Amino acid sequence: MAERYDCHYCNESLFGKKYVLRDENPYCVKCYESNKSFRHLQQLCKCGKMEDLSYKDRHWHDDCFHCFKCHRSLVDKPFSTKDEQLLCTECYSNEYSSKCFECKKTIMPGSRKMEHKGNSWHETCFTCQRCQQPIGTKSFIPKDNNNYCVPCYEKQFALQCVHCKKPVTTGGVTYHDQPWHKDCFLCTGCKEQLSGQRFTSRDDFPYCLNCFCNLYAKKCAECTTPISGLGGTKYISFEERQWHNDCFNCKKCLVSLVGRGFLTERDDILCPDCGKDI
């Protein structure tokens, strides 16, 4: 048998009826309104009668709980508030919700929307300009005030890498007026990536400086390391031999011979003073 749930004052059953709970005791509305000891506790609607509905410490009659603009009842309906005024969902949306950039209609609160650079779209209105399919949460690329899904953008706008023939969408390299992916633009010799470092070419093939010097640069007659001649590097050339400026010194006294007269003895170069005894 179900336990009884009665008014604490008159003992009338409260099943299926409205009641007020005070100090953990239930009271029927009639007893609660008529009992003078409860008057200081009763919450009133703006119209002065006892409240039926409450929201954030404010109280209303059922008949008084309506939208501030259209005056439709909000009982058992979703609603919003603005400046302490109650608004139905439709009125709130028309006044304060963002509008879709594409269709210009209101984006209803609670519905999914897409945002980009301060504009908002219905999820179904945020589509690729080319294929007209919703972009959703997928990556996209904006161009000329339109948005494109990545596959459509690549088909319509992206340059093709000379090496792999695939689209170059970001971070490409231009060499001889042709596009390359950074990962595809490699030294012909060592296959290291050339993007971000100095390089040169031979017969239109790109080389890093190390590979170019090792393969093609002349060797210094003194230190035997390559003379790149790149970036304004200065060197001395004499009878099919070359020296770095810093290596072009007298074999005996080591004085620099750059810009000075010198003598040769077999493979050695000498300053005039050291060459007197030749």
(request) Give the long-range amide H neighbours of PHE101: residues separated by 5 or more places, or on another chain, with amide H under 5 Å away, using H modelled in the peptide plane at 1.01 Å from N. (result) SER120, TRP121, HIS122
(request) For the range 249-258, just list the computed ³J(HN,Hα) in residue order, Karplus coefficients 6.51, -1.76 and 1.60, θ = phi - 60°, integers in Hz, with x standing in for Gly and Pro. (result) 10, 4, 5, 8, 9, 6, 5, 5, 9, 5
(message) Suppose R0 equals 22 Å. What FRET efficiency, 1/(1 + (r/R0)^6) with r the Cβ-Cβ distance, do LYS17 and VAL75 give to the nearest 0.05?
(response) 0.80
(request) Grab the beta carbon distance between PHE238 and ASP277, set R0 = 22 Å, and tell me the FRET efficiency rounded to 0.05. (result) 0.55
(message) Can you give the FRET efficiency to the nearest 0.05 for ARG58 and CYS10, using r as the Cβ-Cβ distance and R₀ = 22 Å?
(response) 0.15
(request) Compute the length gained on full extension between ASP268 and LYS104: take 0.36 nm times their separation in residues and subtract their Cα-Cα distance, giving the result in nm to one decimal. (result) 50.4 nm
(request) Return the long-range amide H neighbours of GLU12 (sequence gap of 5 or more, or a different chain), with a cut-off of under 5 Å between placed amide H atoms. (result) CYS7
(request) Quick one: what are the phi-derived ³J(HN,Hα) couplings along the range 70-84, Karplus 6.51/-1.76/1.60 with θ = phi - 60°, whole Hz, x for glycine and proline? (result) 9, 6, 6, 5, 10, 4, 6, 10, x, 8, 10, 10, 8, 6, 6
(message) Give me the net charge for the shell around SER120: Cβ to Cβ below 14 angstrom, other residues only, Lys and Arg +1, Asp and Glu -1.
(response) +3
(request) First check a/c for the range 172-215, with a ≥ b ≥ c the square roots of the eigenvalues of its C-alpha gyration tensor; if it is under 1.5, answer rounded, and if not, answer prolate when a/b is larger than b/c or oblate otherwise. (result) prolate
(request) Take the Cα radius of gyration of the chain and divide it by 2.2 N^0.38 Å, with N its residue count; two decimals is plenty. (result) 2.35
(request) Treat the range 95-154 as a sphere of radius equal to its Kirkwood radius over Cα pairs and apply Stokes-Einstein at 37 °C in a medium of 0.692 mPa s; give the translational diffusion coefficient in µm²/s, rounded to a whole number. (result) 276 µm²/s
(message) Tell me the mean residue ellipticity at 222 nm calculated for the chain from its helices only (DSSP H runs of n ≥ 4, each -39500 (n - 2.57), averaged over every residue, nearest 500).
(response) -2500 deg cm²/dmol
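Given a 1.4 Å probe and every protein chain left where it sits, what share in percent of the accessible area of the range 66-136 is carbon and sulfur?
The value for the range 66-136 is 46 percent carbon and sulfur by accessible area.
The values are calculated or read from the model by the stated rules, or taken from the named source; none is laboratory data. Bear in mind the structure is a predicted one, so any value in this text is a computation, not a measurement. With ideal geometry, Cβ positions are generated from the backbone for all residues, glycine too; neighbour counts draw on all protein chains shown. We work out accessible area using only protein heavy atoms, side chains counted, and drop any ligands, DNA or RNA first. Shrake-Rupley method; radii C 1.70, N 1.55, O 1.52, S 1.80 Å.
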